[in-house]
Structures are given as structure tokens and as C-alpha cells.
Amino acid sequence: MGDLALRTTTIPGLLVLELPVHGDNRGWFKENWQREKMVALGLPDFGPVQNNVSYNEAAGTTRGIHAEPWDKLVSVATGRIFGAWVDLREGDSFGAVFTTEIGPGQAVFVPQGVGNAYQTLEERTAYTYLVNDHWSPDASYTFLNLADETAAIDWPVPLERAELSDKDRAHPRLADVRPVPPRRTLVLGANGQLGRALRALLPDADAWGRDEFDVTDPAAYERVDWRRYGTIVNASAYTKVDEAETPQGRRDAWRVNVHAVVELAKVATRHGLTLVQVSSDYVFDGERESHPVDETFSPLGVYGQTKAAGDAVVQTVPRHYVVRTSWVVGDGPNFVATMQRLAENGVDPAVVDDQVGLLTHTSDLAREIVALVREQRPYGTYHVTSGGQPRSWFEIARDVFAEAGHDPARVTPTSTQEYGRGKQLAPRPRFSTLE
């Protein structure tokens with residue numbers, strides 16, 4: 001008996017659970033996996049999908065050391081084991097060792113990339129484990145020799161007298177083990193303004209544009225080994241706000257901003273990935289001077305409707321960040337670049353003065369997205385913009401002219417209604433300021 005408890009070990013992320021075992025003259029009962037209680041204690045919500053049992057007839061049966069491409073929660077149903085774990089992940093803890101005995105009252109959470117081994121201490125021991133991916137013959141394992149001198153595991157039954165397989169006897173020493181690399185980050189929409197900023201901060205990430213990966217093609221998702229990834233940043237989007245109001249634009253916007261996001265959400269949920277969805281102030285109608293994170297969706301046009309639908313889809317993913325932003329400027333076509341070009345070409349523009357918001361530089365947005373993931377901030381919805389006071393497009397245009405060395409008085413104010421006269425424009429929020 002005793003309370004459910006969790007303790008850390010010498011290997012980062014390897015956790016030991018003490019499980020209450022309720023016994024009487026008939027035997028005993030325990031909760032081997034209790035998601036709500038265990039996650040509350042600090043166990044990762046790792047989403048197990050398969051339960052395996054390894055029955056061992058003789059004491060001294062020894063298996064391992066195997067680092068598998070999934071997380072696992074190991075325990076025993078009957079008997080006792082001596083468990084041994086070696087960190088085979090790339091990083092400062094590579095080669096770290098932890099050992100302990102496990103009976104019915106203990107369980108150990110083993111993160112992906114940590115080598116797992118055990119030796120039975122009693123006959124007829126049933127070793128059980130939950131994993132968060134389905135077994136596949138194509139899965140990639142990393143192995144370490146049970147007798148490795150660097151790990152120097154003190155096996156209760158000497159290996160020369162233990163029962164073990166020829167394969168386990170032949171595994172490499174630590175010096176010859178290639179460390180397990182961390183799960184990769186995948187950036188989609190890598191050729192857009194934000195995609196380029198993310199690539200600058202994440203040079204080791206896989207970065208795919210439309211040519212490498214068509215987010216709207218369901219078959220494309222089946223061709224990817226998603227076990228390689230830990231995070232997907234979806235910077236792809238249909239952003240032609242006015243064209244989205246046309247029949248073809250409406251279909252295209254829904255296909256990219258919603259149907260593709262459904263496919264990404266399914267992949268992220270199935271494989272336990274973190275999904276970062278970049279969203280927009282256009283999910284709101286702009287009637288409030290600033291929009292809190294929990295404001296109800298109220299989009300005015302098709303583009304905003306599709307971004308709101310995408311937000312709702314992503315919020316069903318257990319590990320998700322919805323990052324809403326506004327008025328993005330970076331390396332590519334944007335309002336600031338347009339104003340600079342007009343200033344240099346001698347064009348004196350009329351710019352709306354009744355739409356107010358904050359510019360967001362892609363470098364700021366990319367930095368905050370990376371921080372969310374690296375710092376493992378609580379999953380949910382975040383608003384990210386650059387700093388300063390909210391300004392109208394007219395005021396920003398004048399600033400651009402001045403910074404470019406041109407007379408800001410060349411920019412004249414106009415209303416949204418007047419600017420749109422004779423044009424087919426989508427409705428836009430009056431206030432785009434995100435809290």
C-alpha cells in the first residue's frame with residue numbers, strides 16, 4: 001500500500017512511479033496505468049496505443065539494451081526484475097545509467113532513445129509495457145551491449161550464467177553506438193515570409209515548401225515517417241484575403257486553411273506530435289479595440305472564417321499551440337515593402353486611416369514560436385505581435401516614407417469605404433490589436 005508517487009532519476013525524463021497495490025487473501029489489485037492521476041503527478045501524457053507482455057519462464061532471463069523509437073511505461077504483472085537503463089540519446093547525458101528493482105508496486109516511464117534492459121529475479125515473471133506507437137518492422141532501434149564496460153551494469157545474475165539471446169550478446173559497445181538524434185522539427189510553408197524567418201532560427205529543421213510537400217494532398221501524409229518528428233510548425237496558409245471572396249478563392253482558402261489542417265491534426269494526434277498553427281487577427285470582427293485570447297470567433301470574411309475553423313481543429317490536438325498574429329512583415333511581399341516601392345517610384349498613395357493594429361516582424365514571431373516549443377510552455381492559444389502602440393495603416397505608411405528619406409506628407413488619409421469604392425474587397429477588421 002501507500003500513495004501513488006513519482007520520482008526522477010539520473011537520466012533526464014526517466015521517471016519511476018510507486019504504485020499502490022491493494023491485497024488480501026485472494027491476491028492483489030493495482031492501477032497500472034491511470035492517466036488522470038499520473039499526469040497530475042508529472043508523468044508525460046504520452047498517449048499509449050499498444051500494450052505488450054513478455055513472459056519469462058526462468059530467473060536470470062536477460063533482455064536488452066534496446067532504445068526504441070517510442071516512449072514506454074514498463075512494469076511487471078507477476079514476479080520481479082532488475083531494470084537497467086542507459087541514455088543513448090544525443091546530448092550531455094549520453095551514457096548515463098540508472099538501475100532499480102521493479103515489482104508489482106513500481107513502474108518506469110522510459111522516454112524515446114533511452115536504452116531499456118531487464119533481468120528477471122524470479123521464475124515466471126510477466127513483464128508488461130505500454131507504448132505510444134504501433135510496433136512496425138520498419139522501426140529503427142539503437143542497441144548497446146549488456147556487458148558494456150563503460151555502462152558497467154552490476155547484473156544480479158552474471159551474464160555468463162544468464163539466459164540471453166545471441167543477438168543481445170552481439171550488440172556494440174558504447175564507443176561504437178551512434179547516439180539517437182532528437183526528434184526533428186518540420187516547418188511547412190518554408191518559403192513564405194515567416195517560413196524563411198523560422199528557417200534562420202531552426203537551421204537543423206526540415207523545411208518544406210509546396211514543391212516538397214503539398215499540404216492539401218491527403219496521400220502526401222502517408223509518405224512521411226512521422227516518427228522522425230516531434231514538432232510541426234504550420235506556416236503555410238492561403239492569405240489572399242480579397243480573392244478568398246471569389247468562388248475559386250473560397251474553395252482554395254478552405255482547402256489550404258482548413259482541410260489541410262485537419263490532416264495535420266490527425267497526424268499530430270496519432271503520433272503524439274506538437275502542432276503549431278499560425279493564425280490571424282481576422283478570426284475576430286474588429287469591433288473591440290483589443291482582442292483577448294479567449295474572445296469568441298466572429299470573422300467577417302471567408303479568409304477569417306477559414307482561419308477560425310483551422311484554430312478550432314487544432315485545439316482538438318492534445319499538444320498544440322495556436323499562435324495568432326497581425327499585420328506580418330518580413331522577407332517578402334508586404335505592406336511596408338509596397339510603401340517603400342511607392343515612395344521610390346514617386347507614387348503618392350492614399351492609405352486607409354480607420355483600420356488600426358500592430359505590425360508583427362517575422363523575426364519576432366519566429367522567435368516566440370521557437371520559445372514556446374523549446375521552453376515547453378503550456379499548450380493552448382497565444383497572441384504574438386511586435387511591440388509599440390497600435391497605429392493605422394496611414395500612420396505606418398507615413399513612417400515608411402519618412403524612414404526611406406521621402407516626404408511623409410505625400411501619403412494622404414482615406415477611409416476604408418472610400419478606398420474600396422469600385423473595388424471588390426473583403427471586409428476587414430477595424431481594430432486588429434491582439435492582447
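The values are calculated or read from the model by the stated rules, or taken from the named source; none is laboratory data. Being a predicted model, the structure only gives us computed values, none of them experimental. Note: ideal-geometry Cβ built from the backbone for every residue, glycine included; neighbour counts use all protein chains shown.
Results, tabulated for the structure shown:
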{"item": "Strands (runs of 3 or more DSSP E) contained in region 28-146 and holding at least 2 residues in contact (Cβ under 8 Å) with a residue 60 or more places away in the chain", "result": "50-56, 62-67, 81-87, 97-102, 106-110, 114-120, 125-131"}
{"item": "Sole residue being under 30 Å from Thr362 (Cα atoms) and more than 19 Å from the chain's Cα centre (by Cα), chosen from Ala117, Ala200, Ala107, Ala220", "result": "Ala220"}
{"item": "Enumeration of residues in region 5-37 that are farther than 23 Å from Asn116 by Cα and either of a type outside the set (Lys, Arg) or exposed (fewer than 11 other Cβ atoms within 10 Å of the Cβ) (or both)", "result": "Pro20, Val21, His22, Gly23, Asp24, Asn25, Arg26, Gly27, Trp28, Phe29, Glu36"}
{"item": "Any hit, region 337-345, residues being over 12 Å from Ile396 (Cα atoms) and either buried (at least 21 other Cβ atoms within 10 Å of the Cβ) or not assigned by TED's automatic domain parsing to the domain that holds Asp285 (or both)", "result": "yes"}
{"item": "Residue among Ala371, Ala402 that alone is over 30 Å from Thr274 (Cβ atoms) and outside any loop (DSSP other than H, G, I, E, B)", "result": "Ala402"}
{"item": "Breaking point among (1) of a type outside the set (S, T, N, Q); (2) touching a residue at least 12 places away in the same chain (Cβ under 8 Å); (3) over 27 Å from Ala197 (Cα atoms); (4) exposed (fewer than 15 other Cβ atoms within 10 Å of the Cβ), for Val411", "result": "(4)"}
{"item": "Among (1) over 28 Å from Asn191 (Cα atoms); (2) in the same structural domain as Gly230 (by TED's automatic domain parsing); (3) at pLDDT 95 or above - the single one Arg430 does not satisfy", "result": "(2)"}
{"item": "Options Val241, Val215; residue that is in contact with an Asp or Glu (Cβ under 8 Å, 6 or more places away or on another chain), part of a loop (DSSP other than H, G, I, E, B) and either on the phi < 0 side of the Ramachandran plot or surrounded by 16 or more Cβ atoms within 10 Å (Cβ to Cβ) (or both)", "result": "Val215"}
{"item": "So Ala200, is it surrounded by fewer than 17 Cβ atoms within 10 Å (Cβ to Cβ), of a type in the set (A, V, I, L, M, F, W, C), farther than 27 Å from Pro318 by Cα and modelled with pLDDT of 95 or more", "result": "yes"}
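This table checks each residue for (1) modelled with pLDDT under 95; (2) charged (D, E, K, R); (3) closer than 11 Å to Gly64 by Cβ; (4) not assigned by TED's automatic domain parsing to the domain that holds Asp225.
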residue: Gln119; (1), (2), (3), (4): no, no, yes, yes
residue: His134; (1), (2), (3), (4): yes, no, no, yes
residue: Asn145; (1), (2), (3), (4): no, no, yes, yes
residue: Glu149; (1), (2), (3), (4): no, yes, no, yes
residue: Asp154; (1), (2), (3), (4): no, yes, no, yes
residue: Glu160; (1), (2), (3), (4): yes, yes, no, yes
